[in-house]
Amino acid sequence: MDSKRSPRRGSLLLLLVSNLLCKNVASLPLCPSGAVNCQVSLRDLFDRAVILSHYIHNLSSEMFNEFDKRYAQGRGFITKAINSCHTSSLSTPEDKEQAQQIHVHPGIKENEVYSVWSGLPSLQMADEDSRLFAFYNLLHCLRRDSHKIDNYLKLLKCRMVYDSNC
């Protein structure tokens with residue numbers, strides 16, 4: 001069997017993607033000098049969260065761009081990928097102005113149905129075009145969602161730490 005057609009190739013690409021996400025990631029100690037009873041300010045926690053969120057978004061963008069350049073050129077994947085993320089059904093603001101109109105504590109929405117990613121079988125398909133599109137779509141959605149998270153986290157930090165004065 002040609003290695004380009006092997007179902008294991010999809011597993012290898014998934015392993016490479018997960019490896020890229022974990023590459024050069026080290027946790028920062030929460031308390032200096034290993035102190036047991038320390039407190040970290042809300043600002044410091046948000047600073048760390050924003051740094052990590054930005055790093056994850058940069059990695060996801062880099063992975064998407066590399067995959068697009070190597071495997072997706074001329075295949076028309078972008079037209080199929082628009083609005084095909086499993087998270088597209090989640091109600092999110094379209095821009096910064098809409099995001100700023102959201103209440104900080106919106107309350108719990110009971111009986112809200114959240115979509116679940118069901119793309120694993122597509123990543124394991126024998127058909128190379130289908131498998132490549134599944135990876136393309138996965139990386140496209142990861143980049144899209146990590147960008148939203150990065151932006152919303154910065155907005156939340158602004159509201160919580162600086163009382164919206166930023």
Specify the residue that is farthest from Asn58 (Cα to Cα); the eligible residues are those in the range 114-126 that are in a loop (DSSP other than H, G, I, E, B) and of a type in the set (A, V, I, L, M).
Ala126
Can you tell me which residue in the range 103-119 is modelled with the highest pLDDT, limited to those that are of a type outside the set (Gly, Ala, Ser) and in contact with a Leu (Cβ under 9 Å, 6 or more places away or on another chain)?
Trp117
Count, please, the residues in the range 121-137 that happen to be touching a helix residue (DSSP H, G or I) at 6+ places or on another chain (Cβ under 9 Å) and free of Cβ contacts under 8 Å to residues at least 40 places away in the same chain.
3
In the range 110-119, the residues that are more than 16 Å from Ala81 (Cα to Cα) and open to solvent by 80 Å² or more (accessible area, probe 1.4 Å)
Glu110, Asn111, Val113, Tyr114, Val116
Total residues in the range 72-88, condition open to solvent by 90 Å² or more (accessible area, probe 1.4 Å) and hydroxyl-bearing (Ser, Thr, Tyr):
1
Given the criterion modelled with pLDDT of 65 or more, part of a helix (DSSP H, G or I) and surrounded by 14 or more Cβ atoms within 10 Å (Cβ to Cβ), identify the matching residue among Leu20, Leu45.
Leu45
Within the range 127-166, considering residues that are polar (S, T, N, Q) and in a helix (DSSP H, G or I), the one most open to solvent (accessible area, probe 1.4 Å):
Asn151
Verdict on Arg70 being touching a residue at least 24 places away in the same chain (Cβ under 8 Å) and either among the polar types (S, T, N, Q) or not in a loop (DSSP other than H, G, I, E, B) (or both)
no
Single residue of Lys96, Lys69 found to be open to solvent by 100 Å² or more (accessible area, probe 1.4 Å) and more than 17 Å from Lys148 (Cα to Cα)
Lys69
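The values are calculated or read from the model by the stated rules, or taken from the named source; none is laboratory data. None of these values were measured; they are calculated from a predicted model. Glycine also receives a Cβ, built like all others from the backbone with ideal geometry; neighbour counts cover every protein chain displayed. Side chains included, ligands, DNA and RNA excluded: accessible areas come from the protein's heavy atoms. Shrake-Rupley method; radii C 1.70, N 1.55, O 1.52, S 1.80 Å.
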